[in-house]
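Asker: I'd like to ask you about the structure that follows.
The values are calculated or read from the model by the stated rules, or taken from the named source; none is laboratory data. The shown structure was predicted, so the numbers you read here are calculated from the model rather than taken from an experiment. Glycine gets a Cβ as well: all are built from the backbone with ideal geometry, and neighbour counts include every protein chain shown.
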Amino acid sequence: MSKPVKIFFILPILITTISFSQISPKKIDKLVAEAMDAFNVVGCAVGIVKDGEVFCNKGYGLKSIATNEAVDEHTNFAIASNTKAFTTAALSILVDRGELSWNDRVVDIIPEFKMYNDYVTQNFIIKDLVTHRSGLGLGAGDLQFWPTGADFTMADILKNFQYFEPESPLRTKYDYDNILYVVAGEIIKRVSGLSWERFVRQHIFEPLQMNNSYCNFHEIKDFSNVSEPHLYSDGKIEIVEHFKNDPDNFNGAAASIISNVSDLSKWMLVHLNEGKYGDGLQDTLFTYRNHREMWKLHTVYNADTSARYNSHFAGYGLGWNLADVKGNMYVSHGGYVAGMLSRTVLIPDLEFGIVVLTNTELNGRLLTRAVINTIVDKQLGVKDKDWIAHYLERSQKSAAKADSVVAKIWETVAKANQSQIILEDYVGLYEDNWFGKVEIFIDKEQLWFKSLRSPKLFGPMYYYKANAFAIKWERRELMADAFAIFSLDEEGKAQNFKMKGISPNIDFSYDFQDLDLRRIE
């Protein structure tokens, strides 16, 4: 695939008198430019704090290929799941006030909350909402707001947990989820009397003077310095339809904040200062005790025990990933929504933090890791490694493998003899307990899939083999084509169907595998 020509805009860097001899501003500029070129990223921003001060806030590249305007330190990006730490900070504030306890039962605050069995429902506590240890599978229920534009409500979300089959016993295994963070936002609303958005704005953004940050796109009045999301499709760069054009969704407390490196540097500093901020650090956002709670292991997962970082543990705290690297605590989180990717890393022992925001899918994820790893390695004093080459090679291998799988499937589709099936046998209205109704219909001798609650899940169905069809979504930016595998009755008429993603690299939030669609008409 040929690369488009890039023009890199480098905005003035904000440098303090702090010591940061491990890597110079010019080397950071060079590193970012090389990473943007290697990964074909349209625009990004980098924020670094060190020793209690801002070292740099800087923009690179373009906000949008449509305008060719440059990114600066105030350009807003969707930070996606980096939102989760704001939600746990909001909960910490309520705990500090004595209005909430981490061990309070969810049903005592939200009586209609119902999990997959009564024991779990009755024993599920606030801490379980934000530690990815619920027993639910990876990304369970994410189809309620991914892709955007679905009409699920908070009432739906609270009711639908009961329909999921657990993959592990409660509090025994890490499986990342988003939906339970949405419930955590509802906890904040019911306890404080303020919506999650209003609480975060009043009790986090305003005290920290994060004046250009927003809880969702609908709060933004002036979009002149908001980055557009981009993706590569068939070798071309395209702008993804902006979330500002979507109706409200209920993923706020999980993934909806829009911010910039200037504001996020203030956010990193309050964590590195253990909840303190303001002149002389005289003000407290959350107490040391609750900061320790957020940065304590609650759910353990396997650590990278390679000799490079000499790590011994890894796991999830409250809104943060935690590990040790070269004897230092390593606190991090990533974020991804269509067309935008972000990553934050804090090393409190070194009084160091870095955040990278990008606007190009999925290449931005590679850039965030390559840039952050290179700069962190300098802080840790470990041997240099070409992280750009490392992630480029790894991604190319992964993409080639996935492309090969997908290509073989569509080759099979092209050769399939559709004449051996009767399309009318599959036509009907089907329903899943939590996802709602799906219509399978024929238009011009073509079978089509249409979700009634998530309108972006719409596309033609092509016969694959046996009783399986491959669905090619009309919205190609979804990158989530899926199988529909039908079960037939003795007369050959479809009675129900299951789904699963076609590509092995499909995003986990397309949890098609959790659907059980049964004919109702």
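Asker: Whether any residue in segment 140-157 is in contact with a strand residue (DSSP E or B) (Cβ under 9 Å, 6 or more places away or on another chain) and either within 20 Å of SER192 (Cβ to Cβ) or among the basic types (Lys, Arg) (or both) is what I want to check.
Answerer: Checked against the condition, which is being in contact with a strand residue (DSSP E or B) (Cβ under 9 Å, 6 or more places away or on another chain) and either within 20 Å of SER192 (Cβ to Cβ) or among the basic types (Lys, Arg) (or both), segment 140-157 yields no hits at all.
Asker: Out of ILE237, ILE126, ILE220, I need the residue that is buried (at least 23 other Cβ atoms within 10 Å of the Cβ) and out of contact with any helix residue (DSSP H, G or I) (no Cβ under 6 Å at 6 or more places or on another chain). Which one?
Answerer: Numbers: ILE237 fails: buried (at least 23 other Cβ atoms within 10 Å of the Cβ); ILE220 fails: buried (at least 23 other Cβ atoms within 10 Å of the Cβ).
Exactly one of ILE237, ILE126, ILE220 is buried (at least 23 other Cβ atoms within 10 Å of the Cβ) and out of contact with any helix residue (DSSP H, G or I) (no Cβ under 6 Å at 6 or more places or on another chain), namely ILE126.
Asker: In addition: Residues to consider are ILE93, ILE48, ILE110, ILE65; find the one that is β-branched (Val, Ile, Thr), farther than 21 Å from ILE372 by Cβ and touching a strand residue (DSSP E or B) at 6+ places or on another chain (Cβ under 8 Å).
Answerer: ILE65
Asker: Considering each of ARG476, ARG453 in turn, give the residue that is closer than 30 Å to THR360 by Cα, surrounded by fewer than 20 Cβ atoms within 10 Å (Cβ to Cβ) and at pLDDT below 95.
Answerer: Result: ARG476 is the single residue among ARG476, ARG453 that is closer than 30 Å to THR360 by Cα, surrounded by fewer than 20 Cβ atoms within 10 Å (Cβ to Cβ) and at pLDDT below 95.
Asker: Out of segment 298-312, which residues are outside any strand (DSSP E or B) and either farther than 22 Å from ILE354 by Cβ or β-branched (Val, Ile, Thr) (or both)?
Answerer: If the condition is that a residue be outside any strand (DSSP E or B) and either farther than 22 Å from ILE354 by Cβ or β-branched (Val, Ile, Thr) (or both), then HIS298, TYR301, ASN302, THR305, ALA307, HIS312 are the ones that fit.
Asker: Given (1) surrounded by 14 or more Cβ atoms within 10 Å (Cβ to Cβ); (2) closer than 23 Å to THR368 by Cβ, where does LEU297 come up short, assuming only one miss?
Answerer: The failed condition is (2).
Asker: Of everything in segment 318-339 that's touching a strand residue (DSSP E or B) at 6+ places or on another chain (Cβ under 8 Å) and part of a loop (DSSP other than H, G, I, E, B), which residue is nearest to SER256 (Cα to Cα)?
Answerer: So the residue we want is ALA338.
Asker: Restricting the search to segment 66-101, which residues are assigned to a loop (DSSP other than H, G, I, E, B) and crowded, with 19+ Cβ neighbours inside 10 Å?
Answerer: Residues satisfying the conditions are VAL71, ASP72, GLU73, THR75, ILE79, LEU100.
Asker: Using beta carbons and a limit of 8 Å, which pairs, at least six apart or on different chains, have the first residue in segment 496-512 and without any contact (Cβ under 8 Å) to a residue 60 or more places away in the chain and the second one in a loop (DSSP other than H, G, I, E, B) and of a type in the set (Asp, Glu)?
Answerer: Within 8 Å, the pairs are LYS498/ASP516; GLY501/ASP481.
Asker: Further question on the same structure: Show me the strands (runs of 3 or more DSSP E) entirely contained within segment 373-486 in which 1 or more residues are in contact with a Gly (Cβ under 7 Å, 6 or more places away or on another chain) and either in contact (Cβ under 8 Å) with a residue 60 or more places away in the chain or not aromatic (Phe, Trp, Tyr) (or both).
Answerer: Output list reads 436-443, 468-471.
Asker: Please give the number of the condition VAL54 fails out of (1) under 25 Å from TYR336 (Cβ atoms); (2) assigned to a strand (DSSP E or B).
Answerer: The single condition VAL54 does not satisfy is (1).
Asker: List every residue pair whose Cβ atoms sit under 8 Å apart, with the two residues 6 or more apart in sequence or on different chains, where the first one lies in segment 106-130 and is closer than 26 Å to LEU297 by Cβ and the second, anywhere, is of a type in the set (Lys, Arg) and surrounded by 17 or more Cβ atoms within 10 Å (Cβ to Cβ).
Answerer: THR121/LYS114; ASP128/ARG171; VAL130/LYS84
Asker: Would you call LEU357 part of a loop (DSSP other than H, G, I, E, B), buried (at least 24 other Cβ atoms within 10 Å of the Cβ) and at pLDDT 95 or above?
Answerer: No; evaluated as a whole, the condition is false for this residue.
Asker: Could I ask something else about it? Go over the candidates GLU431, GLU439, GLU490 one by one and state the one that is farther than 30 Å from GLN162 by Cα, of a type in the set (Asp, Glu) and surrounded by fewer than 19 Cβ atoms within 10 Å (Cβ to Cβ).
Answerer: From the options GLU431, GLU439, GLU490, the qualifying one is GLU490.
Asker: Does ASN160 fit the bill of being of a type outside the set (Gly, Ala, Ser), at negative phi and either in the same structural domain as SER64 (by TED's automatic domain parsing) or in a loop (DSSP other than H, G, I, E, B) (or both)?
Answerer: Spelling it out, it is not the case that ASN160 is of a type outside the set (Gly, Ala, Ser), at negative phi and either in the same structural domain as SER64 (by TED's automatic domain parsing) or in a loop (DSSP other than H, G, I, E, B) (or both).
Asker: Count, please, the residues in segment 264-287 that happen to be surrounded by fewer than 22 Cβ atoms within 10 Å (Cβ to Cβ) and more than 10 Å from VAL49 (Cα to Cα).
Answerer: Final tally of qualifying residues: 12.
Asker: Among the residues of segment 427-464, which ones are at positive phi and of a type in the set (Lys, Arg)?
Answerer: Selection gives LYS444 alone.
Asker: Picking from THR131, THR75, THR121, THR67, which residue would you name as being more than 22 Å from GLU197 (Cα to Cα), out of contact with any helix residue (DSSP H, G or I) (no Cβ under 7 Å at 6 or more places or on another chain) and β-branched (Val, Ile, Thr)?
Answerer: THR67
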